[in-house]
Amino acid sequence: MSHIFRVRELTQALKDVVEGQFPFVWVKGQVSNLSRPGSGHIYFSLKDEEAVLSVVWFKSNQWLGGEGCVNPLTGEICEGPPLMLEEGKDVLCAGRLTVYPPRGTYQLVAELVQERGVGRLYQAFEALKQDLQAKGYFDQDRKMVLPRHPQRVAVVTGPGGAAIRDFLCIASERGLSSQIRIHPVLVQGDLAPAQIAQALEAINADGWAEVVVLIRGGGSLEDLWAFNTKRVADALYASRIPVLAGIGHEVDTTIADMVADRRAATPTHAAQILWPERRELLQMVDDLEIRLQARLKDCMQEMDRHVAVLVKALGWLSPVRRMERMEERLKHDRERLSMSAWQMMRRKQDILGSLVAALGRQYGSDRWAMLGGRVELLSMRLAEGGKRALDTVESDLRMMETRLESLDPEKPLARGYSLVRVERTGRFLRDPDDVAPDDRLEIRVSKGLVPAVVVKGKE
């Protein structure tokens, strides 16, 4: 079953919706049902051809209506006769909509009532707006960018209002630790424009702040008129420090909002613009850590690849690798020599066998017997010659091995010699002229390296 409202609950809900959606409106129409009770309040209706709207104009809001009244927008004294409300008169009303619970009807709480046409305050506002716009006060290219995460913030506002409390509450929950200086001023009334302008000038003269925040809570049209004056606009335009303005509610737009470098919808929104949520900062730190780890991993992999290339190049250029290649070549040459000697012996044996066969065929048994001894002698001599040839080849091989061992750069180290490399040039020391005093040396001995420094040059 759906919720059943009490009359009071439903009326209050409608009141909240109406006041939230229409915080300030302008309405034109014809006066009817005019009533002036002894309280000084004025009650009447605005009507046109199709609808009627109830209006209440409280005595405290009847500040503009005749000669001697002060225009808060310009500071000038109003001239002319007071506004005379009468039945059937066409008027322009400005105010806020609300619901009157005792009768369950909605009504307009008027803050300004003027004769039809463009109101005097609206005329003054538009005139000042057009004048400042022509002078470039609203140009975007002159506006400065607010600093990120400001550490020194100057706040111009009323000292006891909800605006500064909301601003400080949000500031304490966001961003990094910051210093905030409050410059208390009046934010409504005839003295407010001068105090606001003086505070802005003092902040610029001091030079301490990174950004200036000009805030004020919501209020009536009259309450916000201090921020629609040329004095405040000039101070904002002349500021060398970026200014963030958060005046009234989101629907309120003042001259100060237009001249400031950045506009916030409310004082709370101003704090949200200056400082990000701390959760966002923590997430940024996490993202930076992840990116740093990934970059470090890439750098380590690149260094590993570079070291691998250097190790491979060093392996091909090192004396040990050279000795291994020479040993492989010697082994290969030895195998080829052995194969060649064996093939030569096989050819000689084949030739000898052919000759023996030819002799046997050419000569008889007696001749064969005689020649057999000679062949046997020649065979012995041939075997001895082959043996001598092999001995000679083996002797040459041993000599080559000896020479190869003598070329080993580390052999002399075992006999007490050493290799000296000049660290400055990277070359081995062969001449005293190759070094100078204070040169660092690296002495390689059979069991390691010995660092040294040249104390004295060649004498």
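The values are calculated or read from the model by the stated rules, or taken from the named source; none is laboratory data. In this text the structure is predicted, and so the values were computed from the model without any measurement. Cβ atoms come from the backbone with ideal geometry, glycine included; neighbour counts cover every protein chain shown. The protein model used for the area step is the full one, side chains on, heavy atoms only, and it has no ligands, DNA or RNA in it. Shrake-Rupley method; radii C 1.70, N 1.55, O 1.52, S 1.80 Å.
Tabulated results
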quantity: Test for Val187: is it open to solvent by less than 10 Å² (accessible area, probe 1.4 Å), in contact (Cβ under 8 Å) with a residue 24 or more places away in the chain and not in a helix (DSSP H, G or I); calculated: no
quantity: Tally, over segment 369-409, of residues that are open to solvent by 90 Å² or more (accessible area, probe 1.4 Å) and under 60 Å from the mean Cα position of the chain (by Cα); calculated: 0
quantity: Neighbours by Cβ (under 7 Å, 6+ apart or cross-chain): first from segment 357-380, in a helix (DSSP H, G or I); second at pLDDT below 70 and open to solvent by 90 Å² or more (accessible area, probe 1.4 Å); calculated: Leu359/Trp368; Gly360/Trp368
quantity: Filter result for the condition that a residue is of a type in the set (Lys, Arg) and touching a strand residue (DSSP E or B) at 6+ places or on another chain (Cβ under 9 Å), over Arg263, Arg231; calculated: Arg263
quantity: When residues of segment 417-442 are limited to those that are touching a residue at least 24 places away in the same chain (Cβ under 8 Å) and farther than 22 Å from Arg322 by Cβ, the one surrounded by the fewest Cβ atoms within 10 Å (Cβ to Cβ); calculated: Asp433
quantity: Segment 322-361, subset of a type in the set (A, V, I, L, M) and farther than 30 Å from Leu377 by Cα, residue farthest from the chain's Cα centre (by Cα); calculated: Leu330
quantity: Strands (runs of 3 or more DSSP E) wholly inside segment 1-63 that include at least 2 residues being surrounded by 12 or more Cβ atoms within 10 Å (Cβ to Cβ) and either modelled with pLDDT under 85 or among the polar types (S, T, N, Q) (or both); calculated: 25-35
quantity: Set Leu97, Leu168: member being touching an Asp or Glu at 6+ places or on another chain (Cβ under 9 Å), aliphatic (A, V, I, L, M) and either outside any loop (DSSP other than H, G, I, E, B) or buried (at least 19 other Cβ atoms within 10 Å of the Cβ) (or both); calculated: Leu97
quantity: Yes/no for Lys312 being open to solvent by 80 Å² or more (accessible area, probe 1.4 Å), at pLDDT 80 or above and assigned to a helix (DSSP H, G or I); calculated: no
quantity: Matching residues in segment 336-363 - criterion: being open to solvent by 80 Å² or more (accessible area, probe 1.4 Å) and at pLDDT below 85; calculated: Leu355, Arg361, Gln362
quantity: Single residue of segment 205-248 satisfying the filter (in a loop (DSSP other than H, G, I, E, B) and within 33 Å of the chain's Cα centre (by Cα)) that is surrounded by the most Cβ atoms within 10 Å (Cβ to Cβ); calculated: Ala209
